[in-house]
Structures are given as C-alpha cells and as structure tokens.
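What follows is one structure encoded as structure tokens, with my remarks underneath.
The values are calculated or read from the model by the stated rules, or taken from the named source; none is laboratory data. Note that the structure is a prediction, hence the values are computed from the model and not measured. Virtual Cβ from ideal backbone geometry, glycine too; neighbours counted across all protein chains shown.
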Amino acid sequence: MFKTALANLRAHKARMLLSSITVLLGVGFVAGTLIFTDSIKQSFYDSFARQAKNVDAAVTPAGGLQVSSIENQQDKKTVNPAALDAVRNLPDVASAEGRVLGPAPILDKTGKLVKENGATGVGVSFPTDAKLGYFDFASGRAPHAAGEVAMDKSTAEDRHFALGDQVTVVDHGDRRETFRLVGVFDTSTDKTYAGQTVVGFDTVTALRVTGSAGYDQIAVRAKAGVSQDKLVTDLKDLPALDGSGDTFYTGAQMTTELSNKAIGYIGGFGTFLLVFAIIAALVSALVIQNTFQILVAQRARELALLRCVGATRRQVFGSTLIEAFVFGTLASVAGFFTGIGLSQGLGALLNAAGLNMPTDHLVIKASAALYSVGLGLVLTVGSAILPARAATRVAPVQALSAQLGETRVTRKAGRVRVGIGLLLAAAGIAVGYLGMQNQDRGSGFMVLTVGAMVTFVGVLALGPVIASPVIRVLGWLPGKVFGPTARLATANAGRNPRRVAATTAALTIGITLVTMFTVVTASIKASATDSIRQHFPFDYQVVAAPDRAIPAGTVAELKALPELGAVAAEYDGKLTLNGQSEQAGAMDAAGYHTLINPIMKQGSISDVVPGAVALLDSQLKSLHTAVGQTVTATAADGRTVTLKVVASYEDSGIGMPEVAVSVPDFQRLLPSKGPDTVAMLARSGASLTASRAAIEAAVGDDPLLTVNSVADYKNQLNSSLDQILALFTAMLGLAILIALIGIANTLSLSVLERTRESALLRALGLTKQQLRRMLMVEAMLMAVLGVSLGIVMGGGFGWALVHLVAKATGSASLAIPYTQLLIYVVAGALAGVLAAVVPARRAARQTVATAITEA
C-alpha cells in the first residue's frame, strides 16, 4: 500500500499543489516566528551581555542589574562613588570602573531636541580601561577629556553628525553644553535603550551631565589567577560596601542574569507572535481536512476497486495516512525553509509598525525545525484521519456503479450535529454573558474569551445549516445583475452546504478576529475622544521632556498670556500612602475647577485642597480607607502627613492618576523641580491659531518643552491605534490568505468532479466566458459568506469586549466602523473572484467532447 500511496501522490500531484501551499505557509509562519524570536533573543542577549565582557565581578545598587530603562533620577539608587577607590586598592583587582547611565538629551544641528519614539537621549560613561568597555567603535575613539563625546551610529547617520562636529547636550540642570564628537560606536542593536539616542562621555563628565549621585555599576577585572568568587568575597568585605544593600555578582552570575533579562525582555512578545502563527497553522489544518474529504469522495471508485482486489479497510486507511504523511513531510520541510525568509519579513513588518525589534542576527536552531516540521506533520496527518476513516467505508460493490464520477451531495446536516451546534452556541453565549457582567476586567476577559470560543465552535458546527439560506440571500443581487450564470453559481454554491461550510470556516476565523480588533480599536478611539471632551477639556498642553520640569518663569509667562483663559500646572510622581507606592498627580486649584472633570463616585474633585486627597475608587479597598476617612502619606525624607479622603473617581481610561492631591501637599511630600505639564484653555473669542502661536512663542527658546493641542493628542492616539490594528491585520493576513487558497483549492477540485456537468452545460449552449463567470461568482459567494459570518461574529465579540470595559470603567462606548467593515466585504468578494481565476480558466479550456470523455 505504500507504493500505491506514492503512486496516488504522483498521479494527483496537481490536486495537492494548492494544499501543499497552505501547509507550507502555515508551517512557514510558525518556523518564521520561532526563528525570529530566537534571533531577537540573541540580539538582545548580545547587547545586554556586553556589560559582562571581561568583567570578573560587579557591584550594583539594590535591585540588581539595569540594562536599558532610565529610572527617575530622584528615585534612582546608585553605588556610592567613594567605594570605587576602595575597590581599586584591593590587591586582587587589576582595574575597576564606575559605570553611569542617565538622561542626556541632545539637540540636532537645527537646535531641536532629538527624540526617538517619544524618548530623549541616554548618557553613558566610557571607561579608561578599554577592556571593560562594551561598545565597538565604527569610527573614531572613546572620549577621554571633558569636552569630548561619542554617539551611537544610528543617531549619527540619521542626524548627519560626523567626527569633529559640535554636539549640544542638555545636562540635568537644563543647561546646554557643547562637546566635540570624537567617536561613533555601534550599539549592536540600537534598540537596547528603547530606541533612544545614546551619547558617551568620560566617567566624570557622565556623572556631571546626567546628574547621577553615584554609579549604576562598578565593574571589576581581576588579576591573573584570581577566581571570581574570591574577588566577590573581597568586595563584600570592603567597609565602603559593607551594609550598603548593594548587589554583588561574579562575572558568570552577571552573564546568567543578563541572559535571563534578555529572554524575559522578549519572551512575552514571542508568545504573542506564536499565537498568530498557530492560528495560521490551524486554518491550514481546516483547509487540509476539507481537501482530503473531497479527494476521498472523488476517489470512491478507485478505493472500491482496491477493496475488490483484496485491500482491507486497514490498508485503505493506512494508504490515505501515508499519503498525508509524505505530503505533509515535503510541505512542512519546504515551509521551514520558507520560514527563514518569513522571519526577515516579520522583522520588517514590526519595524514598520514602530516596534523597532532588532534583527542583527539570524539564529536557526534545530528546535525550530523540529517544532515547526513536527507541527506540520501533526496537523496534516491529524486532518487526514477523519477522511481516511470515511475511505474505509467505501464498499467494494461501489466500483461497479456508473455514477461515481461525481461526489454524492449531502444537502442536510445531521440532527446530532445541529443539536450539538445549538447547544454549544447557547452555552457559549451564556458563558460570554457572565463574563460581560464581571466587574473584574481580568477575570471577566478570561470568561468572555472562553464563551466566545465555545460560541464560535457552535457556529462552525451549524455552518451547513447557515450556509444554504445565506448563499441564497447573497446570490440574489448577482442573479439580477448577471442573470442565469449567477443563478447557476448560487445553486452550485448552495447544493453542498457541508462543503461550503468547511471551505469558508477557515476564512471566517481570520475575518472574525480582524473584525473584533477593528471594532475594539474604533471603540477605543471613540471612547478616548469622548473622555477628552467630557473629562479633560483642555485646548493645549506644554509637556516637559522625561525627567525634566517646566521652569517657573515659563509657567508664569503662560499664565500671563492674554490669549489664554484657564492655565494650570500639573505634577506627577510616586507617592507613598499607607505604606503603598501609588502614582500621584497634582494640579493648580484652577485646573481642578475647569480643566478636569473625572467620573466621580463620591464627592467632587474640586474638594481637593491642602490636607485633602481624592483616590481612584478601586484604590480605596487596597489602601483600607474610605471617603471621609484618612490616609497617611510618607514624604521623601521620612516625614508623615495625614490627608483626608474627600472624593473618589472611576478610571476614565486616560489622564487620571491613582491619587490626586493639591500642589502644596505634592511639593511638601515630593520635592520637584517644577511641573511636568501645563494644561490650558484658549480665552473665549481668541482663535486657536493665535493662542497656539502665543504659546509656542513663550516656550520656543526651550527645546525640552513640547506644545500639544487636543487635536495633536487625538491624532497621536489614533495613529498609534491604527498602527496596532494594521499590525494585527497583517499578522492575520497570512491566515486569511491560506483560507482564500483553500477556496481556490476547493473550487479546483470541484471543477474536476463536475467535469460531466460542465460538459453538459457547454453542450446546452453555455459559452466559455459564461462558464468562467459562473465559477467566479460561485467563489465570490463562498468568500462573501465567510466574510459575512466573520463580521457578524467578530462584531459581536468586539461589542462584548467593549461592554466589559464599560461595565468596569463606565467610560467605554461602542463604535461600529461601517465603512471599514464594508471594505472587508468588498475585498473578500474580489479575493474570491481572484481565487477562481485559475480553476475557471482550466474548466473553460476543455472542449465538450474531451470533458465528456474524461468524465
């Protein structure tokens, strides 16, 4: 039977070609995801692990290694700089260097602040011992003197800096300092610092520019023959470090810790990508199962003849699975190699979406090949099991039938299937409804997801019941426009509802998910716009760069502008209440009266005066307090202040902190250099153009300040959401493509089994053009059926998610993007027509006589 199976594959290789493409793409997506994830893990690891290069021991502040993010300088923990000399004086130490990481914004050649993804620059120190350096220089050298600076290669190229140019850096006191560019270094992946510009100084200058109180790390290199453990023991015994609470690492421990951070940095993202890859693989499995079902039905006479010459049921079953195994192996191996190219495409796609994932390395592990090829085999062989069982039920006597050239059509779904489908759909809706009513968004989302999945399975089970009536409705308009050929196409599409349902199920999955994301994204946009208009009715904001403040003189100048009405300074920071760290905000009293209108649960936000505090409603329980009671706030110097809780508000989705206090209390508890933001309303009668011009004139001399209007904020929000939606759509696009290939495959096989019918239609006067049109309309109807079901279910699931958020926050509103959904329907129809081009051409090429002979 093995030879028979191989002979069947050779004889029907054209029939299996489109199916192999679906397996190839599905496996390719999985392989590409695994390869891409391994590659970016290696990129991050190489970048992080450079910190451990030639390091035998390291001392870091309590909390461990910091690899990329920059903490608030006021809260930042550092190693005592006085300890460095003590470390250098140890007899087993060859050299030791203090490493610095802190904010260091730079200005471009036009005097504007350089920002990458909304973030300003990072300043690092370069050691005097080159062996403890962790950047490779593309040109020039490391800075040695106070007036020298080095810059990362990406920024130098983008901003057209060359060796010898003057570079302006803004220090921690907002003073501009000019340095000469002496080196351009390669960060291996310029994403290590979240896409920010990286500039380097000598150690003393780095401490001064960044305002760091100490070192982020002391890196130590041992003398020859000294073990890393011995060196760490010596460091712990130093009086300058004893009892400091600092963390100590050997070089090996540091490498392991950095490796774990690299894996953690990208592990969740790899899982995110793998979910979409598995969706594509499952869609491939549906297409393969449908293909094998059709092939088994078409080969009924052949299978019956095998039974007549002595083949047992087990041999017929095994022969079908052998075909699936060989076919799956070839397609999966080809898919793995395709995945190598797809991994590069994933990097380009994600970078285009603004996620800036490093793709410096191509890492191909044996595990990636094993998992992806193994998954392809499991899906292919698993999808062939039910069709193979159906093949064993072909009786030998059927070989004598003259009517087996075409597949028997089953018009009705079985009662058991209908019953199970109805039960699952009802149970899924009930579970989803319980999830929608849950006040806890996390658990509610999980319950809702389970309900949606069960509902989806139920609807797919009911597919044969749904397909025929929907096809008739969808075919009404084409029947009016194209006449008899479209009516024939409608009849053909609806006469085998099981096959149509199986064919369109894969497409329905992809469109359901795309529609759900589209509805949720549109609703987020609408909710955010409503929230800004109702609860944060500002016209403009002046925003300081991260870890910077708006000067008091600028705030006073803004308040004095005649073009502006209400002007309020806003402060932001971490505040300790009842022993818990909470995100706190404060606003001038005028702002609490006019520029903020949160969804209040109790009290009024305008009641927030010195000695009072308002809390997010969900924080009342965690802080063990209530409106009318008090909380204890702990100041940065350890002093405690008692504040009365006067109000509580809901999470409106944007803008509101967990804790709202008055500006005097904020400044007393968290000494700051000034406000982070100034919110403003234009004066009644003043044009928005004139008021913005006045604001920009007031802050124009300070490159660290940015002017945003409410329209800018909305556009930025919409742009970010559109990028996310485009990413989701692109990730699901491969699954949708596989589903469309499935439609083309089904139609191709249908053309083969309907050869006699096509010949009869041609004999009765149907032209080649009309035959092609009939098949294209048939494919279009199947595609539109899948898209329509997907839109209905995706819209329902999206509505449920929005309702869940609204239930929990009281601020979400449903928005249905009708134009976008209509585009999906039109695109689906066009895609269906394109999928039918090749099968239609093949059907039309056959002459009537040849078709009758082959049939």
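For this structure, a couple of remarks:
- Any hit, the range 412-419, residues being modelled with pLDDT of 80 or more and touching a Gly at 6+ places or on another chain (Cβ under 9 Å): no
- Residues of the range 553-598 classified as of a type in the set (A, V, I, L, M, F, W, C), buried (at least 18 other Cβ atoms within 10 Å of the Cβ) and within 16 Å of Ala647 (Cα to Cα), total: 5
- Filtering Ala150, Ala104 for residues that are buried (at least 20 other Cβ atoms within 10 Å of the Cβ), touching a helix residue (DSSP H, G or I) at 6+ places or on another chain (Cβ under 8 Å) and not β-branched (Val, Ile, Thr) leaves a single hit, Ala104.
- Sole residue being at pLDDT 85 or above, surrounded by fewer than 17 Cβ atoms within 10 Å (Cβ to Cβ) and under 17 Å from Lys574 (Cβ atoms), chosen from Gln629, Gln619, Gln667: Gln667
- Hey, Ser606 touching a Gly at 6+ places or on another chain (Cβ under 6 Å), in a helix (DSSP H, G or I) and either in contact (Cβ under 8 Å) with a residue 12 or more places away in the chain or not aliphatic (A, V, I, L, M) (or both) or not: no
- The requirement of being in contact with a Leu (Cβ under 9 Å, 6 or more places away or on another chain), under 18 Å from Arg50 (Cα atoms) and at pLDDT 90 or above is fulfilled nowhere in the range 103-119; no residue meets it.
- Hey, Leu346 touching a helix residue (DSSP H, G or I) at 6+ places or on another chain (Cβ under 8 Å), at pLDDT 80 or above and more than 23 Å from Lys115 (Cβ to Cβ) or not: no
- Unique residue being more than 32 Å from the chain's Cα centre (by Cα), under 30 Å from Phe538 (Cα atoms), among the small types (Gly, Ala, Ser) and in a helix (DSSP H, G or I) when the list is Ala711, Ala693: Ala693
- Hits in the range 753-797 - residues which are in a helix (DSSP H, G or I) and hydroxyl-bearing (Ser, Thr, Tyr): Thr755, Ser758, Ser788
- Selected residue (criterion: nearest to the chain's Cα centre (by Cα)) from residues of the range 117-132 that are buried (at least 20 other Cβ atoms within 10 Å of the Cβ) and not aliphatic (A, V, I, L, M): Thr120
So that you can scan it fast, the table gives a plain yes or no per residue for (1) more than 25 Å from Ala62 (Cα to Cα); (2) surrounded by fewer than 23 Cβ atoms within 10 Å (Cβ to Cβ):
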site	(1), (2)
His144	yes, yes
Ala162	yes, yes
Gln166	yes, yes
Asp171	yes, yes
Arg175	yes, yes
Phe179	yes, no
Ala213	no, yes
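Here's the yes/no breakdown for (1) of a type in the set (Phe, Trp, Tyr); (2) touching a residue at least 60 places away in the same chain (Cβ under 8 Å); (3) surrounded by fewer than 14 Cβ atoms within 10 Å (Cβ to Cβ):
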| site | (1), (2), (3) |
| --- | --- |
| Met656 | no, yes, no |
| Ala682 | no, yes, no |
| Asp701 | no, no, yes |
| Ser719 | no, no, yes |
| Asp722 | no, yes, yes |
| Thr729 | no, yes, no |
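- Sole residue being surrounded by fewer than 22 Cβ atoms within 10 Å (Cβ to Cβ), under 32 Å from the mean Cα position of the chain (by Cα) and either of a type in the set (Val, Ile, Thr) or modelled with pLDDT of 90 or more (or both), chosen from Ile532, Ile509: Ile532
- Complete set of residues in the range 745-757 that are crowded, with 21+ Cβ neighbours inside 10 Å and touching a helix residue (DSSP H, G or I) at 6+ places or on another chain (Cβ under 6 Å): Asn745, Thr746, Leu747, Ser748, Leu749, Val751
- Among the residues making up the range 306-337, those that are buried (at least 20 other Cβ atoms within 10 Å of the Cβ) and polar (S, T, N, Q) are Ser319, Thr320, Ser332.
- Failed condition for Ser443, given (1) farther than 21 Å from Ala505 by Cβ; (2) in contact (Cβ under 8 Å) with a residue 24 or more places away in the chain: (2)
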